[in-house]
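Below is one structure; the comments refer to it alone.
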Amino acid sequence: MTSDHRLQTAFWIGLGLFALWLLYLLGPILTPFLLAGILAYVSNPLVDRLQKLRLPRILAVLVVLLLIMAVLVGLALIILPLLMEEAGVLLARLPEALVLTNEKLTPWLRTNLGLKLHFDPGSLKKLVAENVASLQTVIQHLYQSLKIGGVALIGLLANLLLTPVVMFYLLLDWHALLARLDKGIPRAWHAKAVAVARDVDGVLSQFLRGQVLVMLTLAVYYSVALSIAGLPSAIAIGLLTGFLIFVPYLGFATGFALALLVAALQFDGFGPVVAVLVVFGIGQLLESFLLTPFLVGERIGLHPLAVIFALMAFGQLFGFFGVLLALPASAALLVGLRELKAVYVASHVYQGRSGGPPA
């Protein structure tokens, strides 16, 4: 009986390791499915609540999907007008930028680097004519990059289109899928597996609540701080940065780039640029060393150092998608480690029942 139990345990451990290897190998293909699964897990309580209000499940799923799309469209309506406005400002101020460059930058280049440049439409045309060969090489490399980027863009668009379709079917058959998984659990392990799954569900719920608090806190911080710094479109940039924080690095990088662009287009010296650097530097410190470790890590039982390590380790193993899954996956693994610790503490190895204490 003991041999059968060990054989069964080894089988399930091997199956789990094989599943992890397969997940790593098929990561790019599974991305829309995993993303849809995460969104379905987050959205299912809302679908269930709408269903309790006597709304047919298929209609409840459609309502939730439309709500998510409305949020994404709202974010797009925030960022696209901002980009168009700043692009218009850039084109309008280009002559002023050339004058400012001639007055400020070219003397410094002449004094420190010995470069004699003069930026105006005529000199720029002359510079292009004198470096046609080099420009052709650059354009060829750029074209190759655009082809590669175009393929990546097509893949991204395919994932974006596939994700809501997969999410729709997952939400529609959510409880049926869970019932099938429940039937596939060995009966001897059923009670323990269900208890562990409930613990994981509770931990992930705490994680999501903490992440929402981080997003709201940073959205308020960036909006207020950038407004105090006198940056145009401060509220739009602050809200965008805060709400995109759930994707590590993307929210910060997007907001930081937009804020720097807006600050530079003011042509008011280095003051606005320095203000943006200070605001986003403090924001990154708040997010990395205070908000995420204590609002998210504390709620899922992870030490702040463990949170930082999880982000780095999952990012190294699985890339960008690994960073996205680092904290929830760590939360789930933490539950498993707690169970293993309990088994270890109750074992003969820890208790030392098979033999007496060492002499």
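R57 versus A195, label points 7 Å from Cα toward the beta carbon: distance in nm?
Calculated label separation equals 2.9 nm.
What does the net charge come to around Y169 if you take all other residues with beta carbon closer than 15 Å to its beta carbon, with K and R at +1 and D and E at -1?
+1
For F270 and A342, what is the calculated FRET efficiency with R₀ set at 41 Å and r taken between the beta-carbons, to the nearest 0.05?
So, using R0 = 41 Å, E works out to roughly 0.10.
Net charge near D182, counting Lys/Arg +1 and Asp/Glu -1 over other residues with Cβ under 15 Å of its Cβ?
+3
What span do the alpha-carbon atoms of region 165-278 cover on each of the three principal axes, reported in whole Å from largest to smallest?
Each principal axis gives a Cα extent; for region 165-278 these are 71, 28, 17 Å.
Please work out the FRET efficiency for the pair L290 and L7, using the Cβ-Cβ distance as r and a Förster radius of 35 Å; give the result to the nearest 0.05.
0.10
Return the distance in nm (one decimal) between the two label points of a simple spin-label model at L305 and L177, each offset 7 Å from Cα along Cα→Cβ.
Distance between label points: 3.8 nm.
Less than 13 Å Cβ to Cβ from S43, Lys/Arg counted +1 and Asp/Glu -1: what total charge do the surrounding residues give?
Here the count lands on +1.
Every number in this text was worked out from the coordinates using simple rules, so none of it is lab data. Fair warning: this is a prediction, and the values are worked out from it, not measured in the lab. Note that each Cβ is placed from the backbone with ideal geometry, even for glycine, and that neighbours are counted across all protein chains shown.
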